[in-house]
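Written out below as structure tokens is the structure these notes cover.
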Amino acid sequence: MDRQTEQQLKASQARLLKDRLARVGVTTGGVLVLVALLLIFFYLLYVVQPIFESASVKPMHSFDIKANDQTLALGMEEQAEIGYRFGASGKGEFFALQDNTFSERKIGDVIEQRMLVPQGKITSFARSLPVNQQFVYGLDNGKALIVQPKFSVTFPETARTQGTRQVERLIMPRFEVLNNEQPLQVDEQGRPLEQLAYATDGEGMLMAAVTGADTLLITKFAAEQNFLTGEISLTPKYEQRKMTASIRDIAVTPDLNKVFALINNRIVVYSVSMSGAVSESQVITLNGRQFGQAQSLHLMPGAATVLVTHESGVISQWFEVPTDEGRTFKYIRQFDAGGQIVDLEVEDYRRTFYAVTHDGKLNIFHTTSEADLYHEALPNRETQMITIDPRANHLLAEAGNELTLFKLSNEHPEVTWSGLWEQVWYEGYPEPSYTWQSTSGSDDFEPKFSLVPISFGTIKAALYAMLFAVPIGLAAAVYTAYFMSPSVRKVVKPTVEIMEALPTVILGFLAGLWLAPIIEAYLPGVLAVIILTPLSIIGFAALWQLLPSQVRNTLGEGRASLILVPLVLFVGWLSFSMSPWVEAVLFDGNVRGYLTNELGVTFDQRNSLVVGIAMGFAVIPTIFSIAEDAVFSVPKHLSNGSLALGATPWQTLTKVVLLTASPGIFSAIMMGLGRAVGETMIVLMATGNTPIMDWNIFEGMRTLSANIAVEMPESEVGSSHYRILFLAAFVLFIFTFFFNTIAEFVRQRLRDKYSSM
């Protein structure tokens, strides 16, 4: 074998080795990309999956009550280590719900008990909303005694080991009788309080009581502080109303503004002014034929919602909505517990409530999501009373003389598919709507987690961006690849492609702080540029064809477009120069006011037009680059053959070149759409980030990506809000995957159809 053959063989072996290494590298990279996508997919599912888990109730332990009087109310502190009960004899007691080795407490041990009502006969009992945890005994002399369980936490040192302190948490309970342990005079005539309702806003108090079955007493206590001694005194304002029938139940709102009285199948609503004056504001007629006889009233957190239990086991929900006659209570929805309800408890903050039926079945409902979360029988079917700890992690049930503590798992009751994707009637809203509002400054806030507005905003932003980018990007790509001279193309193509390296945060910054004010100040000029620029180019092209061939040939076919640059600049200058005059003549000097007042079109400074222009500039390089490569890669023998057969350059372009390049052009459009759907910083900085559903080009929007960027830093890890943001990311992932799949499918069909040309 001669030296030359030996060298050729070595070169072939080296090339073969490089080919194999390249194949392995490309294959490995592709597999790693697929693995990364699958990991992202399954991680998103891992974070999102818990929000769709159903509620569970598991018994922990039971013990007997060492008491011989009826229980009026149960409660727990937030750690569910200590429970308490109020008895019909006026005695309150604390008992251990969990073992504590330091204090030697055992489950069921009585920690402390106290006679809370030393004088007077107890005729009624009431409690405030769970968030205040205050309880009231109504007496036969028209007075009421307010009691509040208190808990103090200490960390005593238990031992020292090698210089290290060992401490243990110890919770010490006590009962505090308010108003210096003196009862408040609810009825100035001293009649027995047969029914009682109570609420406080932290300073004043409002009590409603029933005497003689049909007489409603409303007493408001205003807190006044003595500026010399600093002592706080409660000044009562008494009102009395005679009802037409016996009162079944009463309720008072914690803002001290409303009193509800249930009479047969009607609820009489009274408004209470700051001074304590009472006036009837509305009579709610319940549908007794549909729901059955009304039994009791219950207020949800925030006191905007009234729950009415009925003998049929139905719980109907009512709250105020704005109407032409003002704000009135309306029926909203209903829940079916499957039997007559013996006890109903609401959570401290969430819109979740628990109902126990006469056959011992526990039902868990959430009002906003209209979810039936749990419907199972408790171990003891004689259960008559339940309570929930403030963190909603434990449930305490009483059946006869036995108390049972349950572990409660109900982390995300407000999340359902219907709540995420269907219209929901939220408290205070005039009608069902799609709303995203995840946080508020109040603990009484009702979260609104509809993904529809932000998904709509994503599509809206992408649509307006594509309306701006696709015509410019494709037209520029076709002209650059097919008509432009090679010398000009060498400058134009890299210049446009390098725009893709411009950070989108810079584009968003310019759009929000520079472009948006310009569009607001020169709106007629901006609209004129959008309309006149293509018209002027078409008109100039028509005039160019009328010029003598000697003049047209001076620039050459590939350089003729350069003369359009000064034309476009002139049209832009003319449009902006004429904008103040057009606004003064046609719109009475205020085009924004004309849009709002005359056309009813809302105008926001940072709107979809700004986003469309800014995001369009970000998408144009992607569309231009891919489409230009596709058109330029069409084999020359196809276009030359078409021209040789007598076709014009335009016919060759439309009948041969574009059809052959259509798979690449379609891929360019879909790649640009995927870029627009996932864009974050531009829509974050150039819109008002308002989750509204309106195609108005002069209003903003909120997109999925921008919503994640805005709210993820403030969301609590593991909360419903946190996991729904991950769900939004999953929806965005599905969006892009769907578009890319459709793009690949259509591209392959076009490729198969035109590959034989």
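Residues of the range 36-52 that are aliphatic (A, V, I, L, M) and either within 27 Å of ARG127 (Cα to Cα) or surrounded by 14 or more Cβ atoms within 10 Å (Cβ to Cβ) (or both): LEU44, VAL47, VAL48, ILE51. Any residue at all in the range 440-459 that's more than 30 Å from SER369 (Cβ to Cβ) and free of Cβ contacts under 8 Å to residues at least 60 places away in the same chain? Scanning the range 440-459, I find no residue that is more than 30 Å from SER369 (Cβ to Cβ) and free of Cβ contacts under 8 Å to residues at least 60 places away in the same chain, so the answer is no.
Here is a yes/no grid of residues against (1) assigned to a helix (DSSP H, G or I); (2) touching a residue at least 40 places away in the same chain (Cβ under 8 Å); (3) in the same structural domain as ILE682 (by TED's automatic domain parsing):
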site	(1), (2), (3)
GLY508	yes, yes, yes
ALA511	yes, yes, yes
TRP514	yes, no, yes
ILE519	yes, yes, yes
PRO524	yes, yes, yes
THR533	yes, no, no
ILE538	yes, no, no
LEU543	yes, no, no
GLN550	yes, no, no
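Are there helices (runs of 4 or more DSSP H) fully within the range 552-666 with at least 1 residues that are without any contact (Cβ under 8 Å) to a residue 12 or more places away in the chain and under 27 Å from TYR479 (Cβ atoms)? List them. Result: 564-586, 636-644, 649-652.
Among the candidates PHE94, PHE42, the residue that is modelled with pLDDT of 90 or more and closer than 22 Å to PRO149 by Cα is uniquely PHE94.
Of the residues making up the range 291-303, those that are touching a residue at least 24 places away in the same chain (Cβ under 8 Å) and surrounded by fewer than 18 Cβ atoms within 10 Å (Cβ to Cβ) number 2.
Residues that are polar (S, T, N, Q) and either touching a Pro at 6+ places or on another chain (Cβ under 6 Å) or over 22 Å from MET701 (Cβ atoms) (or both) within the range 642-682 comprise SER642, THR648, GLN651, THR652, THR654, THR660, SER662, SER667, listed in sequence order.
In this structure, does LEU44 turn out to be aliphatic (A, V, I, L, M), under 30 Å from GLY718 (Cβ atoms) and without any contact (Cβ under 8 Å) to a residue 40 or more places away in the chain? Here the answer is no, as LEU44 does not meet what is asked.
Among the residues making up the range 568-590, those that are at pLDDT 85 or above, among the hydrophobic types (A, V, I, L, M, F, W, C) and surrounded by 14 or more Cβ atoms within 10 Å (Cβ to Cβ) are VAL568, VAL571, LEU574, PHE576, MET578, VAL582. Only one entry in ALA55, ALA80, ALA67 is surrounded by 13 or more Cβ atoms within 10 Å (Cβ to Cβ), on the phi > 0 side of the Ramachandran plot, at pLDDT below 90 and not assigned by TED's automatic domain parsing to the domain that holds PHE733, namely ALA80. When you look at ILE537, is it within 45 Å of the chain's Cα centre (by Cα), surrounded by 12 or more Cβ atoms within 10 Å (Cβ to Cβ), closer than 29 Å to VAL591 by Cβ and β-branched (Val, Ile, Thr), yes or no? Considered against the rule, which asks whether it is within 45 Å of the chain's Cα centre (by Cα), surrounded by 12 or more Cβ atoms within 10 Å (Cβ to Cβ), closer than 29 Å to VAL591 by Cβ and β-branched (Val, Ile, Thr), ILE537 comes out as no. Considering TYR270, TYR331, the condition of being modelled with pLDDT of 85 or more, surrounded by fewer than 19 Cβ atoms within 10 Å (Cβ to Cβ) and among the aromatic types (Phe, Trp, Tyr) is satisfied by TYR331 alone.
Mind counting the residues in the range 295-321 that are in contact with an Asp or Glu (Cβ under 8 Å, 6 or more places away or on another chain), of a type in the set (Gly, Ala, Ser) and part of a strand (DSSP E or B)? Going through the range 295-321 one residue at a time, the tally reaches 1.
Would you point out the residue of the range 322-346, among those that are assigned to a strand (DSSP E or B) and of a type in the set (D, E, K, R), that is nearest to GLN384 (Cα to Cα)?
ASP343
For the condition assigned to a loop (DSSP other than H, G, I, E, B) and either surrounded by 19 or more Cβ atoms within 10 Å (Cβ to Cβ) or modelled with pLDDT under 90 (or both), SER281 does not qualify.
The values are calculated or read from the model by the stated rules, or taken from the named source; none is laboratory data. Here the structure is a predicted model, which is why all the values come from computation and not from measurement. In this analysis, Cβ positions are derived from the backbone assuming ideal geometry, glycine residues included, and neighbour counts consider all displayed protein chains.
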